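J.: Starting off with a structure, shown below.
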Amino acid sequence: MTLTACGGGPAGETGGGRASNDMAGSASAAVDSARSAAFAAMLDAVAGPCPSGHAPANRPSSPGSSADELPIAPGETPPADPIEPAAPTAGPEAELSARDLCASGLHEERLTQALLKLKDPAPGQVRKVLNGLGYIDERIHGLRSTGVTTGFFLDLRERGGRLCVKGSAAGEKTVVDTCVAPATGKFSPANVGI
């Protein structure tokens with residue numbers, strides 16, 4: 001006597017449908033893994049010239065602002081020790097590592113240059129440009145159009161960093177700025193700081 005399970009074939013056959021679903025799932029996972037690896041490689045390439053440390057950023061003072069060049073009132077003596085810039089207390093400079101702060105400027109520049117060339121900043125076209133630069137769909141958030149402008153966020157967090165960018169594609173009025181994402185958890189445009 002031969003028993004056949006519900007939906008199964010004759011005795012001795014295995015569920016071919018499940019095997020092909022497993023293979024399709026494995027292929028999809030491999031593609032996702034390759035996409036994630038390419039994204040990580042792009043992040044490393046963009047941040048290549050940046051310091052590798054993860055300490056909070058402490059930008060040096062701007063050129064031309066050394067103690068030797070500070071105005072000194074008549075009768076006062078200039079300080080003997082170099083003047084250290086104060087640590088930033090607000091904004092991305094206070095919350096991002098030196099590497100992320102450096103990388104943010106590089107991402108801003110490459111995104112702005114690519115989006116300025118876009119004649120039609122519709123969401124689909126903006127996504128195409130972002131994908132062409134190596135930003136994967138899983139890291140693109142809040143892509144929506146308001147009039148002739150398409151806004152978006154990119155989650156660029158890696159290795160415990162908090163970097164994200166906020167963009168507004170609008171032809172000549174395109175703007176891309178740094179933002180700060182939570183260190184952990186799901187990314188949402190509602191929980192970023194600018």
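J.: Would you mention how many residues in the stretch 104-115 are open to solvent by 20 Å² or more (accessible area, probe 1.4 Å) and either within 16 Å of residue 156 (Cβ to Cβ) or within 15 Å of the chain's Cα centre (by Cα) (or both)?
T.: Matching residues across the stretch 104-115 total 7.
J.: Taking the residues in the stretch 116-146 that are open to solvent by 70 Å² or more (accessible area, probe 1.4 Å) and part of a loop (DSSP other than H, G, I, E, B) as candidates, determine which candidate is modelled with the highest pLDDT.
T.: 117
J.: Now for a separate question. Please verify whether residue 98 is buried (at least 17 other Cβ atoms within 10 Å of the Cβ), of a type in the set (A, V, I, L, M, F, W, C), more than 23 Å from residue 38 (Cβ to Cβ) and in contact with a strand residue (DSSP E or B) (Cβ under 8 Å, 6 or more places away or on another chain), treating the condition exactly as stated.
T.: yes
J.: If you don't mind, another one. Mind listing whichever residues of the stretch 150-174 are farther than 23 Å from residue 186 by Cα and open to solvent by less than 40 Å² (accessible area, probe 1.4 Å)?
T.: Quick first cut of the stretch 150-174, residues farther than 23 Å from residue 186 by Cα only: 169-174.
Listed by number, the residues that qualify are 169, 170, 171, 174.
J.: Is it true that residue 131 is over 12 Å from the mean Cα position of the chain (by Cα) and closer than 17 Å to residue 35 by Cβ?
T.: yes
J.: Still on this structure, I have one more. Mind counting the residues in the stretch 28-47 that are β-branched (Val, Ile, Thr) and without any contact (Cβ under 8 Å) to a residue 24 or more places away in the chain?
T.: Number satisfying all stated conditions: 1.
J.: Every residue in the stretch 138-186 that is among the basic types (Lys, Arg) and in contact (Cβ under 8 Å) with a residue 40 or more places away in the chain, please.
T.: Matches in the stretch 138-186: 139, 159, 162.
J.: Let me ask something else about it. What are the residues in the stretch 168-190 that are touching a Leu at 6+ places or on another chain (Cβ under 6 Å) and not hydrophobic (A, V, I, L, M, F, W, C), if any?
T.: 174
J.: Next question, about the same structure. Pick out the one residue from 110, 159, 99 that is modelled with pLDDT of 95 or more and either in contact with a Ser or Thr (Cβ under 7 Å, 6 or more places away or on another chain) or closer than 30 Å to residue 29 by Cβ (or both). Give the derivation first.
T.: Values: 159 fails: modelled with pLDDT of 95 or more; 99 fails: modelled with pLDDT of 95 or more.
From the options 110, 159, 99, the qualifying one is 110.
J.: Taking into account only those residues within the stretch 133-153 that are out of contact with any Gly (no Cβ under 7 Å at 6 or more places or on another chain) and hydrophobic (A, V, I, L, M, F, W, C), which is nearest to residue 111 (Cα to Cα)? It would help to see each step written out before you state the result.
T.: Residues of the stretch 133-153 that are out of contact with any Gly (no Cβ under 7 Å at 6 or more places or on another chain), as a first pass: 133-141, 143, 145-150.
Filter once more, so that each one left must be hydrophobic (A, V, I, L, M, F, W, C): 133, 136, 140, 143, 148.
Working: 133: 8, 136: 14, 140: 13, 143: 15, 148: 18 Å.
The selected residue is 133.
J.: Moving on to the next point. Taking the condition of being among the β-branched types (Val, Ile, Thr) and open to solvent by 20 Å² or more (accessible area, probe 1.4 Å), how many residues in the stretch 175-194 meet it?
T.: Filtering the stretch 175-194 for residues among the β-branched types (Val, Ile, Thr) gives 175-176, 178, 180, 184, 192, 194.
Next cut, open to solvent by 20 Å² or more (accessible area, probe 1.4 Å) only: 175, 184, 192, 194.
Residues flagged as among the β-branched types (Val, Ile, Thr) and open to solvent by 20 Å² or more (accessible area, probe 1.4 Å) within the stretch 175-194 amount to 4.
The values are calculated or read from the model by the stated rules, or taken from the named source; none is laboratory data. Every value quoted in this text rests on a predicted model; they were computed, and no experiment measured them. In this analysis, Cβ positions are derived from the backbone assuming ideal geometry, glycine residues included, and neighbour counts consider all displayed protein chains. SASA here: full protein model, heavy atoms, side chains in, ligands and nucleic acids out. Shrake-Rupley method; radii C 1.70, N 1.55, O 1.52, S 1.80 Å.
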